[in-house]
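In what follows, a single structure is set out as C-alpha cells and then discussed.
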Amino acid sequence: MLNLVLFGPPGAGKGTQSEKLIQKYNLVHLSTGDLLRSQIAAGTELGMRAKQLMDQGLLVPDEVVIGMIDYKLRENQEAAGFIFDGFPRTVPQAQALDQLLAQYNTQITTMIALVVDDAELIRRLLKRGETSGRPDDRDETTARRRVSVYNSETAPVADYYNQQQKYIAVDGIGEIGEIFELICQNIETAVTKTA
Ligand code: B4P
C-alpha cells in the first residue's frame with residue numbers, strides 16, 4: 001500500500017497537490033479539513049463545535065479528528081492506499097495514525113512536507129479568502145494565528161517522521177505542476193527504498 005502524509009502549514013498547497021496525487025496514484029483522499037467542513041455544512045453537533053475553533057484559526061481536539069480518520073479507514077479497507085492531507089497535525093495524532101494503520105498491517109510510506117515561507121502563506125490564504133467564503137481565510141489576524149498554531153503545535157510532527165526516516169521536504173513555492181513533479185519524484189524514490 002502507498003500511504004502518504006502530505007504535510008505543511010496552512011496554505012502550503014496540500015489540498016491543491018492532493019487533488020493531483022489521488023488521480024496519479026489512485027489513492028483515497030482523507031482531508032480532515034474537508035471532513036470537518038462537511039460536518040459543518042451538514043449542521044451536525046460535531047460540526048458546530050469544530051466551527052467555533054476553526055473560525056478562530058485553532059485546531060479541533062485530537063480525539064475528534066482521530067475518530068473521523070478511524071471511521072474512514074474502516075470504510076475504505078479495499079483502497080490501494082491513502083493520502084492524509086492536513087492530518088496528523090499534532091504528535092498525538094501521528095502516534096494514533098501509526099496505531100490505526102498497524103491494525104491493517106500497513107504503515108506510512110513517506111511524509112512529503114511542503115515548505116513555504118510565512119509571508120507567502122498569508123498572501124495565499126487572504127487571496128483564497130476573497131473567493132472561498134471560508135471564515136478562517138478572511139482576515140489577516142486569523143490567517144496569522146493559523147500559521148502560528150502550525151509553528152507551535154504542528155511543526156513537531158515533522159520531527160516525528162524524521163525520526164522514522166520518512167520525512168522529505170519539497171519546496172512549495174513555484175508553479176503548481178513543477179511542485180507536483182518534484183513530489184512524484186520523491187514519492188518514487190521513497191517507494192523504491194522501501195520495496
Ligand atoms: P485545512 O482544510 O487542512 O486547510 P489549509 O491548511 O488551509 O490548506 P492547504 O495547505 O490544503 O492549502 P491549499 O492547497 O488549499 O485546515 C482548515 C482548518 O481545519 C484548520 O485550521 C483546523 O482548524 C482544522 N483542522 C483540519 N485538520 C485538522 C487536524 N488534523 N487537527 C485539528 N484541526 C484540524 O492552498 C491554499 C491556497 O494557495 C489556494 O488558494 C491555492 O490555490 C493556493 N496555492 C496552492 N499552491 C500554490 C502555488 N504553488 N502557488 C501559488 N498559490 C498556490
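Below, the figures for the structure above:
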{"quantity": "Cα-based shape type of the stretch 93-153, given that a ≥ b ≥ c are square roots of the gyration tensor eigenvalues and the cut on a/c is 1.5", "calculated": "prolate"}
{"quantity": "Three-way shape label, the stretch 32-97, alpha-carbon gyration tensor, a/c 1.5", "calculated": "oblate"}
{"quantity": "Pairwise FRET efficiency - Arg49 versus Glu181, Cβ, R0 = 41 Å, nearest 0.05", "calculated": "0.55"}
{"quantity": "Amide H within-cut-off set for Phe7, under 5 Å, with H built and near neighbours excluded", "calculated": "Ile112, Ala113, Leu114"}
{"quantity": "Computed helical MRE - 222 nm, the chain, DSSP H runs ≥ 4 contributing -39500 (n - 2.57), nearest 500", "calculated": "-18500 deg cm²/dmol"}
{"quantity": "Sites matching GluC sites (Glu not before Pro) across the stretch 1-98 that sit in DSSP coil, with at most 15 neighbouring C-beta atoms within 10 Å", "calculated": "Glu78"}
{"quantity": "Where labels lie 7 Å past Cα in the beta-carbon direction, separation of Asp62 and Glu153 in nm", "calculated": "1.1 nm"}
{"quantity": "Of Thr110, Thr32, Thr131, the one that fluctuates the most in a GNM where the chain has Cα springs shorter than 10 Å", "calculated": "Thr131"}
{"quantity": "For the chain, size of Cβ-based charge dipole, Lys and Arg +1, Asp and Glu -1, in debye", "calculated": "180 debye"}
{"quantity": "Inter-label distance for Asn105 and Met1, nm, one decimal - labels placed 7 Å from Cα along Cα-to-Cβ", "calculated": "1.1 nm"}
{"quantity": "Cβ-Cβ FRET estimate between Tyr25 and Ile173, R0 fixed at 30 Å, reported to 0.05", "calculated": "0.80"}
{"quantity": "Choice from Asn162, Asn105, Asn151 showing the highest fluctuation, given a GNM over the chain with Cα pairs closer than 10 Å", "calculated": "Asn105"}
{"quantity": "The stretch 38-195 - convex hull of the alpha-carbon atoms, volume per residue in Å³", "calculated": "135 Å³"}
{"quantity": "Value of relative contact order over the chain, rounded to a whole percent, pairs C-alpha under 8 Å and six or more apart", "calculated": "32 percent"}
{"quantity": "Cβ-based net charge around Glu130, under 9 Å, with every Lys or Arg adding one and every Asp or Glu removing one", "calculated": "+2"}
{"quantity": "Charge sum, other residues only, whose C-beta stays under 13 Å from Arg145's C-beta, Lys/Arg counted +1 and Asp/Glu -1", "calculated": "-4"}
{"quantity": "Global geometry of the stretch 1-124, whether rounded, prolate or oblate, following the gyration tensor of its Cα atoms and the 1.5 cut on a/c", "calculated": "oblate"}
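Where a number appears in this text, it was derived from the coordinates with a stated rule and is not lab data. Since this is a predicted model, take the numbers as computed values, not measurements. Note that each Cβ is placed from the backbone with ideal geometry, even for glycine, and that neighbours are counted across all protein chains shown.
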